[in-house]
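> Can you keep this structure in mind? I'll have questions shortly.
Nothing in this text is a laboratory measurement; each read-out follows from the coordinates by a stated rule. Being a predicted model, the structure only gives us computed values, none of them experimental. Ideal geometry is used to build each Cβ from the backbone, glycine not excepted, and the neighbour counts take in all protein chains shown.
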Amino acid sequence: MLRLAIQKSGRLSEDSLTLIRECGISFLTSSYKLKTEATNFPLEILYLRDDDIPGYVQDGVADLGIVGQNVLVEAGLPQLEIEGLGFSKCRLSLAVPRAAGYDSVADLQGKSIATSYPQILGSYLQERGVTANLHTISGSVEIAPSIGLAEAICDIVSSGSTLLGNGLREVETVFRSEAVLIANQSLSPDKRELLEQLQFRMQAVRRARR
Ligand code: ATP
Ligand code: ZN
C-alpha cells in the first residue's frame with residue numbers, strides 16, 4: 001500500500017483531491033480525519049500541513065506527497081521531485097515600498113528583507129553577489145515594511161492586490177512554482193510499481209485536460 005501525503009486544508013488541497021479522484025481512485029473524505037484509505041487502489045491518503053510534507057516523504061513516513069515547489073526547495077529537498085502537476089502556479093517575488101527607488105537587485109545590498117523563504121531568497125541574492133539581512137517571519141510578510149521591520153519583502157504573489165494594498169511594488173521574480181509530485185528515494189520494488197501505475201494515470205488525466 002502506498003501512502004500519499006497531501007495538504008489538509010489550503011490552496012493545494014482541492015486540486016490534489018481532484019487529481020486523485022480523476023485518476024479513478026475512490027475514497028471518502030471528512031474534515032476531521034487525518035487519513036483515509038482508497039477503496040479501489042492500494043493507496044492511503046494522509047492530510048498534513050504542507051510544510052511537513054517534504055520531511056515526511058524524505059523520512060519515509062509517507063511514500064509520496066503533493067506539495068508546492070517553493071516549499072520543497074525551501075526545505076532543501078528538491079531531489080524528491082518526480083513531476084510537475086500543473087496547478088497551484090505562483091511566484092515568489094521581491095517587493096519594495098512604492099515610493100522607494102529601485103533599479104536593480106544591487107539596490108538591496110545591506111538592506112533588511114522580510115521573508116518566509118530565507119533559503120530560496122538567500123541563494124538568489126548570493127548568486128547575484130548581494131548581501132542583505134534576511135528576517136524570517138512565517139506570515140503577514142507584506143506588512144513588515146510599513147511597521148518598520150524591513151525595507152523590502154520576498155513573498156508569494158498571485159494577483160498583486162495584497163502588495164498594492166500594503167503600498168508595495170513587485171520588483172523581481174525570485175522563483176516560479178507549481179504543485180509537484182514527490183517520492184521517497186528508496187521505495188520498495190512493489191511500491192515503485194504502484195507509483196508507476198499512479199503516474200501513468202496522472203499523466204493521462206493531464207493529457208485529457210489539455
Ligand atoms: P498550511 O496550513 O498547510 O501550512 P499554508 O498557509 O502554508 O498552509 P497555502 O496558503 O495553503 O499554505 O499555500 C499552499 C501552497 O499553494 C503554497 O506553498 C504555494 O505553493 C501555493 N500557493 C500559494 N499562494 C498561491 C496562489 N495565490 N495561487 C496559487 N498557488 C498558491
Ligand atoms: Zn504551510
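> For the chain, modelled as a GNM with alpha-carbon contacts under 10 angstrom, which of D107, D59, D51 fluctuates the most?
Largest GNM mean-square fluctuation: D107.
> Under 13 Å between alpha carbons, and skipping anything fewer than 8 positions from K89 in its own chain: which aspartates and glutamates qualify?
D15, E178
> Additional query: Alpha carbon centre of the stretch 97-115 versus the stretch 160-199: separation in Å?
When both Cα centres are located, 27 Å separates them.
> State the percent of C-alpha pairs, over all pairs in the stretch 14-171, separated by a distance greater than 29 angstrom.
Distances greater than 29 Å cover 32 percent of the Cα pairs.
> Cut-off 10 angstrom, C-alpha nodes, Gaussian network model of the chain. Which of R128, R49, R91 fluctuates the most?
R128
> Tell me the Rg and the Dmax, in Å, that the Cα atoms of the stretch 90-176 produce.
In order Rg, Dmax, the Cα atoms of the stretch 90-176 give 11.4, 31 Å.
> Anyone know which of N40, N70, N184 comes out most mobile in the 10 Å Cα GNM of the chain?
N40
> List the lysines whose Cα lies under 18 Å from the Cα of K33, skipping any in the same chain that are fewer than 8 positions away.
Qualifying lysines at Cα under 18 Å: K8.
> If Lys and Arg each add +1 and Asp and Glu each add -1, what is the summed charge of the other residues whose beta carbon sits under 12 Å from the beta carbon of I182?
Surrounding charge for I182 is -4.
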